[in-house]
1. State all residues of segment 46-60 that are open to solvent by 70 Å² or more (accessible area, probe 1.4 Å), more than 15 Å from residue 196 (Cα to Cα) and either touching a residue at least 12 places away in the same chain (Cβ under 8 Å) or part of a loop (DSSP other than H, G, I, E, B) (or both); if no residue qualifies, say none.
2. Does at least one position in segment 249-272 carry a residue that is part of a loop (DSSP other than H, G, I, E, B), at pLDDT 95 or above and in contact with an Asp or Glu (Cβ under 8 Å, 6 or more places away or on another chain)?
3. Looking only at segment 176-207, count every residue that is open to solvent by 50 Å² or more (accessible area, probe 1.4 Å), part of a helix (DSSP H, G or I) and not small (Gly, Ala, Ser) and tell me the total.
4. If you check 101, 81, which single one turns out to be surrounded by 20 or more Cβ atoms within 10 Å (Cβ to Cβ) and at pLDDT 95 or above?
5. Mind checking which pairs have a first residue in segment 349-376 that is among the acidic types (Asp, Glu) and a second that is open to solvent by less than 20 Å² (accessible area, probe 1.4 Å) and outside any loop (DSSP other than H, G, I, E, B), Cβ under 9 Å, 6 or more apart or different chains?
6. Within segment 220-248, take every residue that is free of Cβ contacts under 8 Å to residues at least 12 places away in the same chain and charged (D, E, K, R) and give me the one that is surrounded by the most Cβ atoms within 10 Å (Cβ to Cβ).
7. Please enumerate the residues belonging to segment 383-428 that are open to solvent by less than 10 Å² (accessible area, probe 1.4 Å) and closer than 25 Å to residue 27 by Cβ.
8. The conditions are (1) closer than 26 Å to residue 400 by Cα; (2) open to solvent by 10 Å² or more (accessible area, probe 1.4 Å), and residue 354 fails exactly one of them. Which is it?
Amino acid sequence: MAEKNAASVSGSGAQVVADIGSQPGLTPLDVALRLACEQVAVSDLIETRDLTDCFGAILREDVIAAVNVPSVDNAAMDGYALRLADMAALPQKGDVTMPVAGVSLAGHPFAGEIPVGRAIRIATGAAIPVGADAVIIQENVTANVDESEIRIDRAAIDRLRHGDNIRRAGEDVKQGMVILPAGKRLRPQDVAVAAGQGRAHLVVARPLRVAVFSTGDELAAPGGELPPGGIYDSNRFAMIGMMRAIGCDVTDLGLLRDDFAVLQTALADAAQHHDVILTSGGVSVGKADLLKPVVDSLGEIHAWKLAIKPGKPLMRGRIGDCLVLGLPGNPVSVMVSGLLYAVPLLLHMMGARNEDRAAVRFPVPAGFNLKRGTGRREWLRARLHRNGNGQLVALPFHSSSSGVLSSMVWAEGLIELAENRSSVQQGEIVEYIAFAGLQAF
């Protein structure tokens, strides 16, 4: 996956800092993501899929309506189609009777023009007979035993207007309009509207091929034995889940030792066969944090260290045409930086529109007090709670440690605090991101 030329911001450790109170030397998330989307090219690899395989895919060409929906004027309710002019010729007081000349059913329209002075029994969705200009609903009509004649309620006659209970041709979709724009991430309703146009296939982005691994000699694979002082690897499964949730083809490279040669060989090989390499750990400044120098030896680093909490040490680079993303080692940092940086960037690479890759934020009152340092945008694991007044307020998890993965299980979303916000008082408005509003959930 080739990157665009960005000499002004590329190079090991180069940073761009917005004037929003970020710590010197750190890049704000929105700046980092904008630069990444400018520098990382959208893949030109597409494929044509059967409609049933398009759910969650990124559409890569506009879908243009080939037919009107509805295709003809049709009944919005069960009842009787008639001419208003005929109704005007009827007695002006009391209920009236009218002969029934036939039936119009969905898929079986009444043939010809509606006879003068007669009604046509009509079902919801059935074509309006030629000459009819209103439908009176069946609740306002009483039919005789053989349904050859109806008695119509006078009050209903007086209320009836031209076009009542008729859905016009093209009222939902007009032929020639763009019903699905390129870049849209396809939901069930999107696929359904394409089906309604007779489309059996759609052109979508080919899934990115993503290689995932974790680093750290202290890690053990689930099912194995723990080394002294070790922990089971959970980060790899979070990353795999996030990547599969947005439709990527994932290769699990497992655990790699904190060894320069091992990492160099693994990354060089993975870069030959994948569009993206995604890893956790090894991107800080410790003795065993080898990922950055390994990538430097094989390719180049474009960004490192973000003004975010959790997740400050976050690397972006490339090896040949392969994008390399190094997420932090702490499990909460992996999930937060993955959801708010890695996932939107990869959706961009597959051609997604901005509105289909951005987190959805909405304001809610805080149900807590907090004082904090400034300089980094922070996300508190949170959920909404209804207080004693019945008002929904946001409550954070009791610990802000980025090593407490259970907090992400407890949480239903994230509270976002801007770089320059130093405190929160109960009742003040905070920005809340529901996990349901994130693309990988």
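The values are calculated or read from the model by the stated rules, or taken from the named source; none is laboratory data. The model shown is predicted, which means the values in this text are computed figures rather than measured ones. Here the Cβ is made from the backbone with ideal geometry for all residues, glycine too, and neighbour counts use every protein chain on show. The area values use the complete protein model at the heavy-atom level, side chains included, leaving out ligands, DNA and RNA. Shrake-Rupley method; radii C 1.70, N 1.55, O 1.52, S 1.80 Å.
1. Matches in segment 46-60: 46, 48, 55.
2. No, segment 249-272 contains no residue that is part of a loop (DSSP other than H, G, I, E, B), at pLDDT 95 or above and in contact with an Asp or Glu (Cβ under 8 Å, 6 or more places away or on another chain).
3. Total meeting the criteria: 2.
4. Criteria check complete, one pass: 81.
5. Close Cβ pairs (under 9 Å, with a partner that is open to solvent by less than 20 Å² (accessible area, probe 1.4 Å) and outside any loop (DSSP other than H, G, I, E, B)) amount to 356/58; 356/347.
6. 244
7. 413, 414, 415, 417, 419, 424
8. Tallying (1) closer than 26 Å to residue 400 by Cα; (2) open to solvent by 10 Å² or more (accessible area, probe 1.4 Å), residue 354 fails exactly one: (1).
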